[in-house]
1. Touching a helix residue (DSSP H, G or I) at 6+ places or on another chain (Cβ under 6 Å) and part of a strand (DSSP E or B): is that true of Arg103 in this structure?
2. Of all residues in segment 47-89, count the ones that are within 21 Å of Ala147 (Cα to Cα), outside any loop (DSSP other than H, G, I, E, B) and aliphatic (A, V, I, L, M).
3. Does segment 95-112 include one or more residues that are crowded, with 17+ Cβ neighbours inside 10 Å, small (Gly, Ala, Ser) and either modelled with pLDDT under 85 or on the phi < 0 side of the Ramachandran plot (or both)?
4. Looking only at residues that are assigned to a loop (DSSP other than H, G, I, E, B) and of a type outside the set (Val, Ile, Thr) in segment 109-123, which one is nearest to Arg145 (Cα to Cα)?
Amino acid sequence: MSRTSGVLLILLLFGAGAAPMPASAQHAGSRLEAIRTVMSARAGQMGDLLPFDACSVYEQAGRPVAMIDSIRFIARDLLDRPVNDPCAQEPAPSRPGRNRFVRVESVVVTDSVAYVDLAVIRGEWSYRERHTPPALRGGGGWGWREARVFAGLQGFPGTRAPD
């Protein structure tokens, strides 16, 4: 037996007991935890209690089973629909010009940092934020480092400014 085939045999034997999880399953919990970290930072460090569109959290977290049980209390309170499958339920209707919420646009998770992009809608105004929570040492979740607000504040003409 050659050295190369011996190494391959050893790797196969060590890997035989456990099949690798699909990439989407590996990162589903990490994406939900990264989103939860951003939600907590927006409420705590930034002092912004706008509700998050629960369907966008659910979709960008990889449609986790029992999402509500997997998310901590502060983040639950920030969801506009705190249910396990929020995309199956319509959000409460609001008056024109009064929509105020945060939508999770995308989540990218790497070994060292996550990139969580948000659209923040405040009535007729909207803007984008990018949060970059770093991975904590030892795999213990995500920290919070920064949030960048992107220029390009948009207003929608013909709507009244909020009271």
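The values are calculated or read from the model by the stated rules, or taken from the named source; none is laboratory data. The structure displayed is predicted, hence computed values, not measured ones. Note: ideal-geometry Cβ built from the backbone for every residue, glycine included; neighbour counts use all protein chains shown.
1. So Arg103 fits the description; yes.
2. Looking only at that region, the number is 5.
3. Scanning segment 95-112, I find no residue that is crowded, with 17+ Cβ neighbours inside 10 Å, small (Gly, Ala, Ser) and either modelled with pLDDT under 85 or on the phi < 0 side of the Ramachandran plot (or both), so the answer is no.
4. For segment 109-123, the residue satisfying everything is Ser112.
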